[in-house]
Amino acid sequence: QQIQENLNKQLLGNLVSFLSRSHSDFQEKTTEWTCRMKFREIPTAALVLGVNVTDHDLIFRGVSDVLQDNITPYVALLEAKDCPGIKNLMQKLMGQLMNCDIDVDSEEDEDSVRVSQNRIRCSMSSLISWYDSVTKNTDSETPSKKRNSSSRHWQSPPVVVIFKDMESFTTKVLQDFIVISSQHIHELPLVLIFGIATSPMIIHRLLPHSVSSLLCIELFQSLSCKEHLSTIIDKLLLTSRFPFKLGEKVLQVLINIFLYHDFSVQNFIKGFQLCIVEHFYSQPLSVLCCHLADIKKRVYSLSHDQCENIRRLPSFRRYVEKQESGKQIELLTNDSFLKEETEKLLEDLHVYHENYVSILRCLHVFTSSLPKYPLGKQIRELHCACLENQVWKTEEYESSLQLARMLNKTDLVTMLQQCVEILMSSSGKEFDRTVEKMKEFLTQFQNLEAEASQERDVSVSPQKELQKKTDLYHLQKTLLELKESRRSKKLTKFEMLRFEVVDYIDSLVRRYLVPAEDRTLHEIVYFNAAAVLRGHLNAAPRTALHTALNNPHWYLKNQALRCDGGGISNKAPDICIVYKLHLECGRLINLVDWLEAFSTVVTAAEEPNADAASSDQVDDVIHARFIRAVSELELLGFIKPSKQKTDHVARLTWGGC
């Protein structure tokens, strides 16, 4: 929440200043507001938020809170689903502004709302009358109360109407409201805010020129959802503050859902929360996923069974195999010795995370400034590449190094300065020597400046000579000589220093950006169950439906519903019986045969009834149950009525799940 508030801070500040300007014009009756009144223009903020619609609620909530705290208490948020007509819009608007619940009685006047037992007609004139009465009451307060209220709100605060999803509103509703409002703009300081998910051009597509010309529109652009996500990953995942980490495959699942489904940061955070719950629920050693200060206390409180769980971890097994035989025996048999070693390994893991994040940021400084971005422009892409495998063995990394060896002096100096700042602000204790080395590089670059200017003068002289010669033979000869001299030319001091800087960065990468899976006890803090997460987040509705209808015991956990050998239990829900019977049919299903089979299954365990009247009644009940079950199956999309035969239905699904 803190991160998102900081990200939206500039946007909210711009909106507040826009509303303050619009309101002050009305308050002071300046020339600008007079001109607007003359042309009946309504101040309008077009808020472009992007296609991540699920995140819009949070932004609008923040906008509403900020406006109510700083500008005006009169803020209404309208959604298209609540405003199919202008009457509904006015009811919603007045209900929210008057801070009451809308109570529309169908038998009485539909154009009014009930406020404190009094029925008020929903019209612009009623709204203006209410606004005048409210502002007059504020003006008549005592000076002390007036000062307190004016510290947050203006004397005649504007009425802000927010259309949360402008694209979903019908054109007629918007046109009618804007035209009516523009006719009363000199009486009511109205300000509109349009929430736009696509493009600002949607205003002109929805509204004709005669209506859009009544709006004085100012455009506001929110931060893109990709930048928003990168900031969330940077502040939540790429930090040593939080011990819990996401594995490469899990992080990739969350990012893919974000990029290819909804662009929703809120859904990404929900997926992250789900990972936390799943990890601490399924990993018995997750008690050790804690801050550095709590490791010792938690390690020494482990039971014998938990120690055995540590010994079963694959990464710990690999660690044991690398030890000498005496230490192996102690690790596998002595719980006290194991706890001491576990404490050291977990502390090393924390140090690894601190160093990893710092060097990752330094590498990102270099790779993000390269053309074509071989390792990706965003730090999340680089983080995924480092988690996946040894990044220095990839082709993208090699091409990045080659491009880095062609950087100019200005870029290299800027990058080194940024790396020094990153390492100095890091909590890692191993970077003192690294910072000194980078400062040495910066000093050497400064000393090379004078020598570089001399070398440039020398290199220009043959080019001047080349320009003097106009004869074709002499030109070819000079070009060949230049080519040979470049081949045999030794590296300059700058080029040698540039190679040295890039090689030093490469050595830091190879030392600190080792994949997390190579670290001992990484299973304790890393959540790697990508398949489990994918099962939770990637919906497979047909598979779920088939499982529920074919095997209701799976969800209902009722032992009486368990059927072995493909049988059909008469205790199963009716729709399950009908579904199983329909699986045995072909393309067309005879409803009479289907009903008889259903009746046979349902009455299989019942005793034969001698009473004919009651028997007919039972048949009617079974018939009704069958019709309801078939209707539910049709609603789910498994069957449809057939035009070929009136007493048949067509089957729509085939194959197994």
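Quick look at the values:
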quantity: Per residue convex hull volume, Cα atoms of the range 513-601, in Å³; calculated: 176
quantity: Hull shadow area, averaged, the range 282-415 [alpha-carbon convex hull, nm²]; calculated: 10.9
quantity: Point-to-point label distance, E517-Y281, nm (Cα→Cβ direction, 7 Å offset); calculated: 2.5
quantity: Per residue solvent-accessible surface (Å²) - the range 268-397, probe of 1.4 Å; calculated: 51
quantity: All-pairs alpha carbon distance profile, the range 365-425, 5 Å steps from 0, percent; calculated: 4, 18, 25, 24, 21, 8, 1
quantity: Whole-angstrom Cα spans of the range 36-101 along principal axes, big to small; calculated: 36, 30, 25
quantity: Those trypsin sites (Lys or Arg not before Pro) in the range 237-328 that DSSP places in a loop and that have at most 14 other beta carbons within 10 Å; calculated: R241, K322
quantity: Which listed pairs, of K81/K249; K245/K339; K92/K136; K429/K493; K164/K640, have C-alpha distances above 29 Å, in listed order; calculated: K81/K249; K429/K493; K164/K640
quantity: Backbone N within the range 416-440 under 18 Å of label point (7 Å from T410 Cα along the Cβ vector); calculated: 416-418
quantity: Net lengthening on full extension, E324/S368 (0.36 nm per residue, minus Cα-Cα); calculated: 11.4 nm
quantity: Burial order of peptide ranges 378-384, 14-20 (average beta-carbon count within 10 Å, highest first); calculated: 378-384, 14-20
quantity: Whole-number percent relative contact order across the range 152-236, with pairs defined as alpha carbons under 8 Å at least 6 apart; calculated: 35
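The values are calculated or read from the model by the stated rules, or taken from the named source; none is laboratory data. Because the structure is a prediction, the values reported are computed rather than measured. Here the Cβ is made from the backbone with ideal geometry for all residues, glycine too, and neighbour counts use every protein chain on show. Ligands, DNA and RNA are excluded from the accessible area calculation, which covers all protein heavy atoms including side chains. Shrake-Rupley method; radii C 1.70, N 1.55, O 1.52, S 1.80 Å.
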